[in-house]
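Down below is the structure, laid out as structure tokens.
The numbers here are math on the coordinates, done by the rules we state, and not lab data. If you're wondering where the values come from, they're calculated on a predicted model, not measured in any experiment. For neighbour counting, all protein chains shown are included, and Cβ atoms are generated from backbone atoms with ideal geometry for every residue, glycine included.
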Amino acid sequence: MGDRRLEVFQAVARQLSFTRAAEVLLMTQPAVTFQVKQLEQALGVRLFERGPGRISLTPAGRLVLGQAERILALHAELEIRVAELTGDISGPLLIGASMTIADYLLPRVLGEFVAAYPGVQPRLVVANTTVVEARVAERTLDIGFIEGPPVQALVADPCGDDELQVIVAPDHPLANRGPLHPRDLLGHAYVSREPGSGTREFTDRHLREAGVDPDRLDRVMELGSPEAIKGVVQTGLGFAIMSVAAAEKECRLGTLARIALAPKLVRSLSVVYPPERFRSRLVGTFIEFARARLRSETPRVKRPARNRQP
């Protein structure tokens, strides 16, 4: 119901990039450019200053952005309130989740929720933490599930804990070791997540706090999914640091071994959403449902004291 030109303009204004806005909106860049030009022509003003490799909002653009956000929010609230007159919890639900949560924790939650509310049509977008946060902030996703606290100005509710451990092939030299200090990982090939991943950022911070510069590790490969990392580690090439939930099946089958870190590496899982006054009954119900289910599946882990450098 909202003006598509305003939606596209809002995305470009927030990203300050036609390319990134196109990615967020799942549109082509020419289509995004066309929508913005149409809005500029309708209003009779230039909304962006265009320079080499960058854009910025004009004074008129800043004014239009504030009004556009109010208009789009009112349109969304109108549609939701009318739909909720029936009293049913139904309709589309746009969810973003980082890969670990999406692959290993959310499927059961979504299945149980749709069984309880068959009129709901969830759509799950899987991406790294940075992308999920950006799309929730852009309001192209209703809510997101991420590891750790958000960087964007979003509301974050904790919904469980997740321990990360070292995983290796069963015949790897680290396989039969006790709890490993980050120093013990030096000299061994490391298969890591890609930059922008919540797992990568959280792990690098843990290593630094333990007195080990992540750049000193022998990083032989960067991969964008837990499944790809497990496949490489199973060949014996090196070790990875991964959520216990992500490697549970392989460790149970004996194709991987896992070793705890000392001190433990534990992160909070969070559900994030925009700090709006109005939230639909559907979104509110799902947030409470998912938090309860995830807390039961990821029991609270005792956290170590803050790491001190040795």
- Message: Within the chain, how many Lys pairs that are eight or more residues apart, or on different chains, come under 23 Å at the alpha-carbon?
- Response: 4
- Row for the chain, column shape: gyration tensor on C-alpha, a ≥ b ≥ c, rounded if a/c < 1.5 i.e. under 1.5, prolate if a/b over b/c, else oblate; value prolate
- Task: Enter the Cα centre distance for the pair the range 195-268 and the range 112-131, rounded to the nearest angstrom.
- Result: 26
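Let me have the relative contact order for the range 4-84, percent, based on Cα pairs under 8 Å that are six or more residues apart. Don't skip to the answer; put the middle values down first.
On the way: 69 pairs, mean separation 23.2, N = 81.
Normalised by residue count, the contact order of the range 4-84 is 29 percent.
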- Query: In percent, what relative contact order does the chain have, based on Cα pairs under 8 Å that are 6 or more apart in sequence?
  - Reply: 22
- Item | Whole-Å distance, taken between Cα centres, linking the range 142-194 and the range 1-24 | 34
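Can you name the helices of the chain, as whole DSSP H runs, whose Cα span along the helix axis is 18 Å or more and whose Kyte-Doolittle mean is not below -0.5? Kindly include the intermediate steps, with their values, before the conclusion.
Values: long enough: 29-43 (21 Å, -0.09); 59-83 (37 Å, 0.49); 281-297 (24 Å, -0.08).
Sorted by number, the helices that extend far enough and score high enough are 29-43, 59-83, 281-297.
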- Note on the structure: At q = 0.17, 0.20 1/Å the base-10 log of I(q)/I(0) from the Debye formula over the alpha-carbon atoms of the range 162-266 is -0.68, -1.00
- Residues meeting the amide H criterion for LEU261 (H placed from the backbone, H to H distance under 5 Å, 5 or more places apart or on another chain) are VAL166, LEU180
- Return the Rg/Rh value of the range 4-84, two decimal places, where both radii are evaluated on C-alpha atoms and Rh is the Kirkwood radius. 1.01
- Task: Please name which of THR19, GLY51, VAL64 has its Cα lying farthest along the dipole of the range 4-84 towards the positive end, using unit charges on Cβ (Lys, Arg +1; Asp, Glu -1) and the Cα centre as origin.
- Result: GLY51
